[in-house]
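Here is the structure we will look at, set down as structure tokens.
The values are calculated or read from the model by the stated rules, or taken from the named source; none is laboratory data. Here the structure is a predicted model, which is why all the values come from computation and not from measurement. No Cβ is skipped: glycine too gets one built from the backbone with ideal geometry, and neighbour counts run over all protein chains shown.
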Amino acid sequence: MAEGFLRALGGSRFEAASAGTVARGVHPLAVRVMAEAGVDISAHRSRAVHEVEGRWDVVVTVCDASCPIPPRSSLLLRWRFADPLQATGSEEERLAAFRLVRDRIRERVMALVARLG
């Protein structure tokens with residue numbers, strides 16, 4: 001979701017790539033809630049962190065536990081969010097968890113884009 005917002009809000013000013021400990025695929029509920037926000041991430045692909053090696057100006061982690069070791073960067077930001085994949089209950093309850101994280105990520109990305117603008 002963070003990659004999607006950075007691409008949407010930052011345009012060509014930024015290069016964005018997201019990765020996790022294990023490449024699992026883009027979750028359908030993430031695609032759905034991002035579409036609600038006007039951002040299409042349906043073509044994004046999941047990557048393992050070793051696939052985005054190299055040096056980055058800014059690396060942002062968006063996990064609250066089991067974060068992968070990020071690539072080298074000049075600035076490391078740790079944004080801690082509950083993993084919406086861990087949400088249980090009905091589909092609507094799980095969507096609510098994804099929406100909450102989506103909205104918090106959007107706020108942070110907007111602030112980052114303004115800061116780095």
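Please enumerate the residues belonging to the range 48-67 that are in a loop (DSSP other than H, G, I, E, B) and in contact with a Ser or Thr (Cβ under 7 Å, 6 or more places away or on another chain). S66, C67 - these are the residues of the range 48-67 that are in a loop (DSSP other than H, G, I, E, B) and in contact with a Ser or Thr (Cβ under 7 Å, 6 or more places away or on another chain).
Can you find a residue in the range 13-35 that is loosely packed, with under 13 Cβ neighbours inside 10 Å, touching a residue at least 60 places away in the same chain (Cβ under 8 Å) and either of a type outside the set (S, T, Y) or not in a strand (DSSP E or B) (or both)? Yes: the range 13-35 contains one or more residues that are loosely packed, with under 13 Cβ neighbours inside 10 Å, touching a residue at least 60 places away in the same chain (Cβ under 8 Å) and either of a type outside the set (S, T, Y) or not in a strand (DSSP E or B) (or both).
It is to be established whether one or more residues within the range 10-17 are under 17 Å from R104 (Cβ atoms) and either out of contact with any strand residue (DSSP E or B) (no Cβ under 9 Å at 6 or more places or on another chain) or modelled with pLDDT of 85 or more (or both). Working first, answer last.
First, pick out the residues of the range 10-17 that are under 17 Å from R104 (Cβ atoms): none.
Checked against the condition, which is being under 17 Å from R104 (Cβ atoms) and either out of contact with any strand residue (DSSP E or B) (no Cβ under 9 Å at 6 or more places or on another chain) or modelled with pLDDT of 85 or more (or both), the range 10-17 yields no hits at all.
The residue pairs whose first member lies in the range 97-113 and is under 15 Å from P28 (Cα atoms), whose second member is surrounded by 15 or more Cβ atoms within 10 Å (Cβ to Cβ) and basic (K, R), and whose beta carbons are closer than 8 Å, counting only pairs six or more residues apart or on different chains, are F98/R32. Scanning the range 75-112 for residues that are part of a helix (DSSP H, G or I), exposed (fewer than 15 other Cβ atoms within 10 Å of the Cβ) and of a type outside the set (A, V, I, L, M, F, W, C) gives Q86, E91, E92, E93, D103, E107. How many residues are more than 16 Å from the chain's Cα centre (by Cα) and surrounded by fewer than 12 Cβ atoms within 10 Å (Cβ to Cβ) if we restrict to the range 52-74? Adding up the residues that qualify gives 6.
Scanning the range 8-33 for residues that are within 11 Å of the chain's Cα centre (by Cα) and of a type outside the set (S, T, Y) turns up A16, A17, A19, G20, V26, A30.
Yes/no per residue for (1) within 12 Å of A2 (Cβ to Cβ); (2) of a type in the set (S, T, N, Q); (3) in contact with a helix residue (DSSP H, G or I) (Cβ under 7 Å, 6 or more places away or on another chain):
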residue	(1), (2), (3)
E53	no, no, no
C63	yes, no, no
W79	yes, no, yes
F98	no, no, yes
V101	yes, no, yes
